[in-house]
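The values are calculated or read from the model by the stated rules, or taken from the named source; none is laboratory data. Model, not experiment: these values are computed from the prediction. Note that each Cβ is placed from the backbone with ideal geometry, even for glycine, and that neighbours are counted across all protein chains shown. Side chains included, ligands, DNA and RNA excluded: accessible areas come from the protein's heavy atoms. Shrake-Rupley method; radii C 1.70, N 1.55, O 1.52, S 1.80 Å.
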Amino acid sequence: MNYIPEILQKVIEDISNLPSYGEKSAQRFAINLLKMPRGETVDLIKHIAQMLDKVHPCKECGIYTDQEICPICTSEDREKTSICVVEESFDAYAIEKTGKFKGVYHVLGGRLSPLEGIGPEKLNIKSLVERIRKYQAKEVIIATNPTVEGEATGNYIYNLLKKYPLNITRLAYGLPFGSVLENADDFTLSKALEYRVKI
């Protein structure tokens, strides 16, 4: 006999359909919604509905925005000849927080993952080539995540773009500041050695 209310089970199933949410994390999410004061939960649901109505990918770069073209792409202070390629919008937001990058972004909307059925045709790659031509880009920074899939995606983009007269760079890999060497994984240590810099 199932003691879980049918609608609660349905919500858990819907949440677990989201990427990176398993059944246990979906259960926690649903229970936390039930524990919140009712007014706060209703506000959250309203905000989610508003987000779905107003937020969409920028027509130029693919970053999530509430405008047709995002403020980064429309800014006259940005160098459109320098394009930073990221997997998702929040990767671009993270780089933007540093205040060090003055170019524009290109959001792929994911990364290559054959096991999940995600090939190049499912990513925002075709428009990247179009933007390179349109703005006569001089540099493309590949800023995919330091994972197996991120590496494969970065290599795919590099091989696609190497025929263009571009400076193609990759974000450096290495040890996070304040970390201890013995706690670093093999991949991080090998990349830190591979991309070491002259002092």
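Residue-wise test of (1) touching a Pro at 6+ places or on another chain (Cβ under 6 Å); (2) surrounded by 12 or more Cβ atoms within 10 Å (Cβ to Cβ); (3) touching a residue at least 12 places away in the same chain (Cβ under 8 Å).
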residue: 42; (1), (2), (3): no, no, no
residue: 57; (1), (2), (3): no, yes, yes
residue: 87; (1), (2), (3): no, yes, yes
residue: 91; (1), (2), (3): no, yes, yes
residue: 118; (1), (2), (3): no, yes, no
residue: 124; (1), (2), (3): no, yes, yes
residue: 127; (1), (2), (3): no, yes, yes
residue: 131; (1), (2), (3): no, yes, yes
residue: 139; (1), (2), (3): no, yes, yes
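Are there any helices (runs of 4 or more DSSP H) wholly within the stretch 81-185 with 3 or more residues that are within 25 Å of residue 71 (Cα to Cα) and of a type in the set (D, E, K, R), and if so which?
Values: elements: 89-98, 126-135, 148-161.
It comes to 89-98, 126-135.
Considering only residues that are within 24 Å of the chain's Cα centre (by Cα) and in a loop (DSSP other than H, G, I, E, B), which ones fall in the stretch 2-52?
17, 18, 19, 20, 21, 22 - these are the residues of the stretch 2-52 that are within 24 Å of the chain's Cα centre (by Cα) and in a loop (DSSP other than H, G, I, E, B).
Looking only at the stretch 144-185, how many residues end up being open to solvent by 70 Å² or more (accessible area, probe 1.4 Å) and at pLDDT 80 or above?
Final tally of qualifying residues: 12.
Does the stretch 186-199 hold any residues that are out of contact with any Gly (no Cβ under 8 Å at 6 or more places or on another chain) and surrounded by 13 or more Cβ atoms within 10 Å (Cβ to Cβ), and which are they?
187, 189 - these are the residues of the stretch 186-199 that are out of contact with any Gly (no Cβ under 8 Å at 6 or more places or on another chain) and surrounded by 13 or more Cβ atoms within 10 Å (Cβ to Cβ).
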